[in-house]
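Asker: The structure follows.
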Amino acid sequence: MIKRILVITYEMPPQHSGAGIDIKRTYEAIIDAHPNIYVEILCLKGPSEISDFSKNIIIKRSLSRWDTKKIINMLIDFFKVMRSLVKADVVHFNALYPIGLLVIPIANFLRKKTILQLHCMGVDDPKTVLLKKHGKLLSFFYKKAQYFKTYSKAQSDALLESGVNRNRILEIPPYIDNIFSSPMDSLSKDEFKKSIGLNSDSIVLTTIGRIGHRKGSDIVLDTFSALNDKIPKLELLMVGPHNKNVSLDYSEDLKLKIQKNTNENINYLGERKDVNKILQITDYFILPSRGEGFGIVNIEALACGAIVVVSNLKGIFDTIIDHGKDGLIVTTFDYSDYVDAILFLYNDINIREKIVKNGFKKVQKKYVKEVTLKPYINFIFEN
């Protein structure tokens, strides 16, 4: 039986988006197992309007950013979406793209399966949507989706609290890509360290994500500064977009920390396509986020043998990490507590080895595609 899926999203390939990366991986993996599935992705305009993403996946970069002052553009985009929608069996909306929300009732009327993927984090959870401009109207269309796709218990709970029936929620965590599940040998580690300017005997502390307040970049910098005198040959890798002009997530305090910090052992690597290699040379992975939808990079770090130290995001990070068993959860946003956690691990090799071993076992059991994608594949093929 042939199944056609329409995905309506923002950038593709994704830019700095964990959800976008997971959408990419999810449909590539599903098509590998089910070649009778075809996926069309409609997204914002990009450098190449139409391209093949992988076998049976086509991307059409043809949509405009929402702008009510450009009514003609919006109408053209609406008809582009409708033209693709009539051919689809399942319509997957990623976040609150307004044109996507508008066509949900139409897709339902045409007997399409509609699924809205949410990130929450105070961005598109039900309570926040109501506070937006035209929030009541957005919420009306938002709740017309037949199903909601979430990653974590916290995201699902936000929907349940707003009155969404549990039967309409598909809580499907991301999975680790194969490139993250193979260890790197010592020689390859040394060579890769050298390629990014590190010594082979460096101890590597890494954080990955858009540099800013939400990801706790200020805490990372303070933690490293405090550890720098306590752990010899420690290097900090900060991987992710680094834009001091992003006012929404760059507090003045963080701007000053970055501007004043001249420590040569802090390496701003920007966006990278070899994140797997960076995690494979990482000793300690730190993510003191103040908000997340899931945190895919945590399971990637576990799979690569890094020790994961994270903030205490209830229903999110504590569903990934069992404190003291396969990682550490810090209950505050005080950098000194992260310092204590890393020093505790640094001073006890037996605990470090146990945590690395348990973390690797967990992701191989819980976050492989054969486990996480099964319910979504069943959902696609259900009548």
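Asker: Checking Lys314 against (1) among the charged types (D, E, K, R); (2) outside any helix (DSSP H, G or I); (3) free of Cβ contacts under 8 Å to residues at least 40 places away in the same chain: exactly one of these is not met. Which one?
Answerer: All conditions are met except number (3).
Asker: Something else about it: Restricting attention to the range 341-352, does a residue exist that is free of Cβ contacts under 8 Å to residues at least 40 places away in the same chain, closer than 29 Å to Pro241 by Cβ and not β-branched (Val, Ile, Thr)? Lay out the reasoning, then the answer.
Answerer: So in the range 341-352, the residues free of Cβ contacts under 8 Å to residues at least 40 places away in the same chain come out as 341, 344, 347-351.
Pick out the ones that are also closer than 29 Å to Pro241 by Cβ and you get 341.
Checking which are not β-branched (Val, Ile, Thr) leaves us with 341.
Yes: the range 341-352 contains one or more residues that are free of Cβ contacts under 8 Å to residues at least 40 places away in the same chain, closer than 29 Å to Pro241 by Cβ and not β-branched (Val, Ile, Thr).
Asker: Take the conditions at pLDDT 90 or above, charged (D, E, K, R) and either more than 24 Å from Lys369 (Cβ to Cβ) or part of a loop (DSSP other than H, G, I, E, B) (or both) and apply them to Lys69. Does it pass? Spell out the reasoning first.
Answerer: On the way: at pLDDT 90 or above: no; charged (D, E, K, R): yes; either more than 24 Å from Lys369 (Cβ to Cβ) or part of a loop (DSSP other than H, G, I, E, B) (or both): yes.
It is false that Lys69 is at pLDDT 90 or above, charged (D, E, K, R) and either more than 24 Å from Lys369 (Cβ to Cβ) or part of a loop (DSSP other than H, G, I, E, B) (or both).
Asker: A follow-up question, please. Among the residues of the range 328-379, write down those that are surrounded by fewer than 17 Cβ atoms within 10 Å (Cβ to Cβ), touching a strand residue (DSSP E or B) at 6+ places or on another chain (Cβ under 8 Å), under 25 Å from Ile172 (Cα atoms) and hydrophobic (A, V, I, L, M, F, W, C).
Answerer: Phe379
Asker: Might you check whether a residue that is modelled with pLDDT of 95 or more, part of a helix (DSSP H, G or I) and not hydrophobic (A, V, I, L, M, F, W, C) occurs anywhere in the range 280-290?
Answerer: Yes, the conditions are met somewhere in the range 280-290.
Asker: Can you tell me which condition Val129 does not meet? The list is (1) of a type in the set (Val, Ile, Thr); (2) in contact with a strand residue (DSSP E or B) (Cβ under 8 Å, 6 or more places away or on another chain); (3) over 16 Å from Asn167 (Cα atoms), and all the others hold.
Answerer: Going through (1) of a type in the set (Val, Ile, Thr); (2) in contact with a strand residue (DSSP E or B) (Cβ under 8 Å, 6 or more places away or on another chain); (3) over 16 Å from Asn167 (Cα atoms) one by one, Val129 breaks only (2).
Asker: Separate question: Quick one: would you say Glu171 is outside the structural domain of Phe285 (by TED's automatic domain parsing) and free of Cβ contacts under 8 Å to residues at least 40 places away in the same chain?
Answerer: Working: outside the structural domain of Phe285 (by TED's automatic domain parsing): yes; free of Cβ contacts under 8 Å to residues at least 40 places away in the same chain: yes.
Yes; evaluated as a whole, the condition is true for this residue.
Asker: Right, here's the next one. If I ask for residues that are within 21 Å of Gly18 (Cα to Cα) and among the aromatic types (Phe, Trp, Tyr), which ones from the range 90-120 would you list?
Answerer: Phe93, Tyr97, listed by residue number.
Asker: Report yes if Lys194 is surrounded by fewer than 13 Cβ atoms within 10 Å (Cβ to Cβ) and modelled with pLDDT of 95 or more, otherwise no. Even if it seems obvious, please write down each step before you answer.
Answerer: Working: surrounded by fewer than 13 Cβ atoms within 10 Å (Cβ to Cβ): yes; modelled with pLDDT of 95 or more: yes.
It is true that Lys194 is surrounded by fewer than 13 Cβ atoms within 10 Å (Cβ to Cβ) and modelled with pLDDT of 95 or more.
Asker: In addition: When the residues of the range 77-97 are filtered to those that are among the β-branched types (Val, Ile, Thr) and surrounded by 14 or more Cβ atoms within 10 Å (Cβ to Cβ), which remaining residue is modelled with the lowest pLDDT? Give the steps one after another, and end with the answer.
Answerer: Taking the range 77-97 and keeping what is among the β-branched types (Val, Ile, Thr), we get 81, 86, 90-91.
Next cut, surrounded by 14 or more Cβ atoms within 10 Å (Cβ to Cβ) only: 81, 90-91.
On the way: Val81: 93, Val90: 96, Val91: 96.
Across the range 77-97, the extreme among qualifying residues is Val81.
The values are calculated or read from the model by the stated rules, or taken from the named source; none is laboratory data. Please read all numbers here as calculations on a predicted model, not as lab measurements. Neighbour counts are summed over all protein chains in view; Cβ atoms, including those assigned to glycine, are modelled from backbone coordinates with ideal geometry.
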